[in-house]
Amino acid sequence: MELPVFAVSLGAVESILSYPAKMSHAAMPQDEREKRGIKNSLLRLSVGLENPDDIINDFSQSLEKLAQNQLAF
Amino acid sequence: MYKIDTKLAQIGNRSETATGTVNPPVYFSTAYRHEGIGRSTGFDYIRTGNPTRQLLEKTIADLEGGDQGFACSSGMAAILTILSLFQSGDEWIVSEDLYGGTYRLLEQGFKKWGLTSHYVNTCYPEKVEEKINENTKAIFLETPTNPLMQEADIEAISKIAKQHGILLIVDNTFYTPVLQQPIQLGADIVIHSATKYLGGHNDVLAGLVVAKGKEVCEALAFHHNGAGAVLSPFDSWLLMRGMKTLSLRMKQHQTNARAIAEYLSNHEAITDVLYPGQGGMLSFRLKEEAWIDLFLQNIRLITFAESLGGTESFITYPATQTHADIPEEKRIASGVDNRLLRFSVGIEDAEDLIKDLEQALAKVNEGVYRLN
């Protein structure tokens with residue numbers, strides 16, 4: 001992903017992409033996280049004020065790259 | 001290439017890689033260490049260049065589609081910096097309906113050093129062309145004009161300017177690059193009183209210049225540094241902070257202004273509403289000059305003040321405030337009469353604003369009734 005910043009926090013004018021397992025919910029033990037559905041595959045997006053088309057395009061190109069790397073879907 | 005909303009929301013992000021700071025740092029230092037002679041980091045002295053100010057300058061150049069940006073200590077400082085490009089004997093053609101401060105700088109400032117300005121209604125390109133002679137070096141446009149809200153055809157005028165080899169300078173304060181990008185329409189230089197919409201929060205005094213073309217940019221850079229009316233690092237940062245929500249704010253300003261223009265057009269106490277259909281600025285005339293003071297005393301939500309472009313609504317009385325420096329006869333003849341009020345419509349709830357206008361106009365009506 002190029003557009004959102006990969007960081008902690010939320011609610012800012014710019015989009016922020018967080019990884020709860022290592023960031024906001026790192027203080028919660030793994031089994032407690034899993035109980036709540038906060039898996040290691042979960043990402044949290046704080047949607048900013050950028051143009052939504054640009055963000056959607058960014059997701060598309062990023063997911064496209066994943067597919068090209070031939071990781072099992 | 002990203003859309004303008006996106007560019008604005010992310011101003012300054014990723015500018016610093018040492019720590020990954022999202023919000024850009026403010027560099028206060030006036031001096032920069034060199035390892036030896038001729039070994040500069042690119043920064044020598046704050047007046048010439050400052051990393052925080054440079055970020056702002058690159059940002060506005062990108063937003064306006066220009067080659068280079070220059071951040072100044074005020075809108076007037078921005079105009080002053082542009083004026084240093086010219087010399088004694090040069091002439092300018094300027095929008096007749098004009099901010100009083102610009103008029104003052106030209107008539108009481110640069111005129112005595114040999115710069116002559118001709119004021120025409122720039123809504124008529126032929127009137128502009130008429131005034132061009134061998135001494136004309138630039139056309140200075142406000143569009144829409146302050147405060148009569150008249151729009152000029154930038155593209156048409158830019159063609160005339162190019163034909164005659166003269167510069168086209170556009171004051172884009174009212175519309176901002178969100179609504180209008182003069183360089184894309186053929187202008188050479190764009191200026192902003194960034195104090196207004198760009199800052200958006202009535203908390204920073206600043207001016208911006210953007211230019212297109214190698215020679216113009218080099219000359220501006222030379223005078224920007226030479227005259228030194230540059231914007232401070234903290235103010236540069238504060239301005240960028242405000243600009244992040246510019247797109248969002250302009251949308252609300254416009255939605256509100258449209259609703260209010262409609263409301264005022266239907267009110268019996270109002271004789272004219274001047275609104276170009278976009279943006280957040282509009283002007284209107286009360287039926288009687290005598291009602292102005294009473295009206296201004298009775299608005300509660302809307303503030304009677306100079307300036308414009310902030311989140312809160314302001315009403316200004318050009319006759320005694322923004323256009324007080326224009327000789328009365330000339331001012332009234334041009335349409336900026338004593339019944340005219342200029343409204344910078346804020347981002348409050350439109351209904352609340354309309355209710356405030358309603359109650360103030362009702363009080364005026366009562367007052368008039370009592371007097372009669």
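Figures for the structure shown
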{"read-out": "Estimated distance in nm for a label pair at B:GLU288 and B:ASP67, the labels positioned 7 Å out from Cα along Cα-to-Cβ", "value": "5.9 nm"}
{"read-out": "Cβ-Cβ FRET estimate between B:GLU126 and B:ILE37, R0 fixed at 51 Å, reported to 0.05", "value": "0.35"}
{"read-out": "Between helix B:51-64 and chain B: long-axis angle, C-alpha atoms, 0 to 90°, nearest 10", "value": "60 degrees"}
{"read-out": "Estimated 222 nm signal from helices in the protein assembly as shown, with DSSP H stretches of n ≥ 4 weighted -39500 (n - 2.57), rounded to 500", "value": "-10500 deg cm²/dmol"}
{"read-out": "Scaled radius of gyration (Cα, divided by 2.2 N^0.38 Å) that segment A:5-72 gives", "value": "1.28"}
{"read-out": "Separation of the A:MET23 and B:ALA362 label points, Cα + 7 Å toward Cβ, nm", "value": "5.1 nm"}
{"read-out": "Gain in span if fully extended, B:MET1 to B:SER265, counting 0.36 nm per residue against the direct Cα distance", "value": "91.0 nm"}
{"read-out": "10 Å Cβ neighbours from other chains, averaged over peptide A:1-12", "value": "2"}
{"read-out": "Chymotrypsin sites (Phe, Trp or Tyr not before Pro) lying in DSSP loop within segment B:13-51, provided at most 13 other Cβ fall within 10 Å", "value": "B:PHE28"}
{"read-out": "Modelled FRET efficiency - R0 51 Å, B:ASN23 with B:ILE332, Cβ distances, 0.05 increments", "value": "0.55"}
{"read-out": "Kirkwood-type radius of chain B, with distances r between different C-alpha atoms, in Å", "value": "21.7 Å"}
{"read-out": "Nearest 10 degrees, 0 to 90: helix B:233-243 Cα axis against chain B principal axis", "value": "50 degrees"}
{"read-out": "Modelled FRET efficiency - R0 45 Å, B:ALA221 with A:ASP31, Cβ distances, 0.05 increments", "value": "0.15"}
{"read-out": "For the protein assembly as shown, radius of gyration divided by Kirkwood radius, i.e. Rg to Rh on alpha-carbons", "value": "1.04"}
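No lab work stands behind these numbers, since they all come straight from the coordinates. Computed from a predicted structure; not experimentally measured. Glycine also receives a Cβ, built like all others from the backbone with ideal geometry; neighbour counts cover every protein chain displayed.
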